[in-house]
1. Express the accessible area of the chain per residue in Å², computed with a 1.4 Å probe while the remaining protein chains stay in the model.
2. Between the helical axis of 116-134 and the dominant principal axis of the chain, each derived from Cα atoms, what acute angle in degrees is found, rounded to the nearest 10?
3. Calculate how steeply helix 2-11 sits against the longest principal axis of the alpha-carbon atoms of the chain, using the helix alpha-carbon long axis, and give the answer as 0 to 90 degrees to the nearest 10.
4. GNM, the chain, Cα, under 10 Å: largest mean-square fluctuation among ASP100, ASP11, ASP32?
5. What size of dipole, in debye to the nearest 20, comes out for region 31-83 about its Cα centre when the only charges are +1 on Lys and Arg C-beta atoms and -1 on Asp and Glu C-beta atoms?
6. For helix 43-59, what angle does its Cα long axis make with the longest principal axis of the chain, in degrees from 0 to 90 and rounded to 10?
7. From the square roots a ≥ b ≥ c of the eigenvalues of the alpha-carbon gyration tensor of region 48-139, which class results: rounded (a/c under 1.5), prolate (a/b over b/c), or oblate?
8. Run the accessible area of region 77-122 with a 1.4 Å probe and give the carbon-and-sulfur part as a rounded percent.
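The values are calculated or read from the model by the stated rules, or taken from the named source; none is laboratory data. Just so we're clear, the structure is a prediction, and the values are computed from it rather than from any experiment. Positions of Cβ are generated from backbone atoms using ideal geometry, with glycine treated the same way; all protein chains shown enter the neighbour counts. Ligands, DNA and RNA are excluded from the accessible area calculation, which covers all protein heavy atoms including side chains. Shrake-Rupley method; radii C 1.70, N 1.55, O 1.52, S 1.80 Å.
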Amino acid sequence: MINNLLNIMYDLNIEMKEKNNKIKLIYQNYIDEKLKAQIKEYKIEILQQLKENAAAKEIGFLVYQHGLFYEYRYGREAFLFIERHPNGRATAWRENHREDQKGAYKTKIIVQNVPFERAFKEATGFIEWLRKRQGKRVG
């Protein structure tokens, strides 16, 4: 539901801003009351996902489909992924590819079917570990 609303908001160029715990919708064209009511009903979840997307981008993830899928490239053919499931849960995993092969030759599940917050924490923990090895910090 949240991703459907985010898609509609994106298509209609509707922006959501939070200030002092209040929500403000910014839009140029008319939006119907039903859509406004849906956005209001799910405002906490929408804002949470927008914050998660911003945090992921800050670390270096590419964010697809308004937060359904995240990709972090940490090597020439090495990737870290997080996939958000419809039930608020997520899976995080790593894949290694070879240029001459189709698909991954190595896949390592980090966490599977856990709350998104945990998948994100585990994935960023891996990135932090990588960066420590390289002398860098996350964020």
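1. Details: 9490 Å² over 139 residues.
Accessible area per residue, the chain: 68 Å².
2. 40 degrees
3. For helix 2-11, the angle is close to 70 degrees.
4. ASP100
5. On the way: 8 positive and 9 negative charges, 28 e Å.
For region 31-83, the charge dipole is close to 140 debye.
6. Value to nearest ten degrees: 30.
7. Details: a/c = 1.69, a/b = 1.21, b/c = 1.40.
Verdict is oblate for region 48-139.
8. Details: 1250 of 2880 Å².
It is 44 percent, rounded to a whole number.
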